[in-house]
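The values are calculated or read from the model by the stated rules, or taken from the named source; none is laboratory data. Computed from a predicted model, the values in this text were never measured in an experiment. Quick reminder, even Gly has a Cβ in these numbers, built from the backbone with ideal geometry, and neighbours come from all protein chains shown. The accessibility values were calculated without ligands, DNA or RNA, using every heavy atom of the protein model including side chains. Shrake-Rupley method; radii C 1.70, N 1.55, O 1.52, S 1.80 Å.
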Amino acid sequence: MDPQVDTTHVRKAKKYANASLNDFLDNVDDLTQAIKDVETPDIARVRAKVKMALSAAKSALADSASQVRGQARQLSKTTDTYVRDNPWQVVGIAAVVGVVLGVLLSRRSDD
């Protein structure tokens with residue numbers, strides 16, 4: 001059982017960020033394709049550097065996404081294990097949090 005870690009807002013933000021980054025990388029790739037026929041040594045050197053940076057950026061993006069997913073899974077497993085091993089402590093903590101929030105919200109609505 002793999003609990004959902006993402007919320008709708010987080011998924012939308014991730015989707016937007018990924019789309020924006022992918023658009024940028026595509027634009028850089030298009031630019032390198034547009035200047036591929038220019039054969040000056042300076043342009044060739046810049047084109048090679050851009051291609052290497054583009055490849056590194058795509059690789060880093062894939063690695064970081066994989067790392068975040070792994071960390072989220074590990075956090076989910078750790079939380080699940082703690083809740084299963086200590087159900088009454090979790091109920092107590094939830095009750096205290098509920099009381100504190102209730103007090104804070106009731107004070108706020110009295111103002």
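Can you tell me which residue among V68, V90, V50 is open to solvent by 70 Å² or more (accessible area, probe 1.4 Å), in a helix (DSSP H, G or I) and of a type in the set (A, V, I, L, M)?
Details: V90 fails: open to solvent by 70 Å² or more (accessible area, probe 1.4 Å); V50 fails: open to solvent by 70 Å² or more (accessible area, probe 1.4 Å).
Checking each option against the conditions leaves just V68.
Condition (residue is in contact (Cβ under 8 Å) with a residue 12 or more places away in the chain, among the charged types (D, E, K, R) and surrounded by 11 or more Cβ atoms within 10 Å (Cβ to Cβ)) applied to segment 28-41: is it met by at least one residue? Looking for residues that are in contact (Cβ under 8 Å) with a residue 12 or more places away in the chain, among the charged types (D, E, K, R) and surrounded by 11 or more Cβ atoms within 10 Å (Cβ to Cβ), one finds at least one in segment 28-41, hence yes.
Give me the residue from segment 11-27 that is under 13 Å from the mean Cα position of the chain (by Cα) and open to solvent by less than 70 Å² (accessible area, probe 1.4 Å) and, out of that set, nearest to A53 (Cα to Cα). Ranking the candidates gives L21 first.
Please indicate, with yes or no, whether at least one residue in segment 27-46 is hydroxyl-bearing (S, T, Y), in a helix (DSSP H, G or I) and within 30 Å of R11 (Cα to Cα).
Kept after step one, since they are hydroxyl-bearing (S, T, Y), are these residues of segment 27-46: 32, 40.
Then keep just the ones that are in a helix (DSSP H, G or I); that gives 32.
The next check asks that each one be within 30 Å of R11 (Cα to Cα); those that pass are none.
No, because not a single residue in segment 27-46 is hydroxyl-bearing (S, T, Y), in a helix (DSSP H, G or I) and within 30 Å of R11 (Cα to Cα).
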